[in-house]
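Read-outs: derived from the displayed coordinates by stated rules, not from any lab. Worth saying up front: this structure is predicted, and the values here are computed from it rather than measured. Heads up, the Cβs are rebuilt from the backbone with ideal geometry, glycines too, and the neighbour counts pull from every protein chain shown.
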Amino acid sequence: MERGSVVALTWQATCFEQRWGISLKRALETATDDLEINIDSSEEGIVMRLHGHVGIDSSPKLRDQLSAALRDQSARAVIVDFTNVPYIDSSGLATLIEALKIARHRQRMFCLRGLQSSLLHLFQITGLLTLFEANGCGSASSAPKVS
């Protein structure tokens, strides 16, 4: 198994065609820690579109990109799009909180958008959604524009 892989034990239901029975079979699923970060400049500011898992192995890469974007003097805002992110762990959350702290210190907007499903729920129950919305970003859910 590769270093940095996330392994999940899953149970899959299989129906027998000949009988009415259902069997459960165990399978290991491996999700890689690859995180793709696409960066564009727009009228809104610097937009970072993430694709993949934000975890312990990909957080340093994200931290470096966020730090560089927040140092950019021409950017009035840094927007992180989570539309294609199915998973984030505590190291990813810590990276985002650290970036928000730096953005506030440098008087820049730091916004999240595209949070969906379980990620949106995670940000809601931890109170982080309110923290980021209080930063002047509006809704961090799937809304297409950041206020």
* Asked: How do the peptides 65-74, 49-58 rank, highest first, by the average count of neighbouring beta carbon atoms within 10 Å per residue?
  -> 49-58, 65-74
* Asked: So what's segment 35-137 giving for Cα Rg divided by 2.2 N^0.38 Å, two decimals?
  -> 0.96
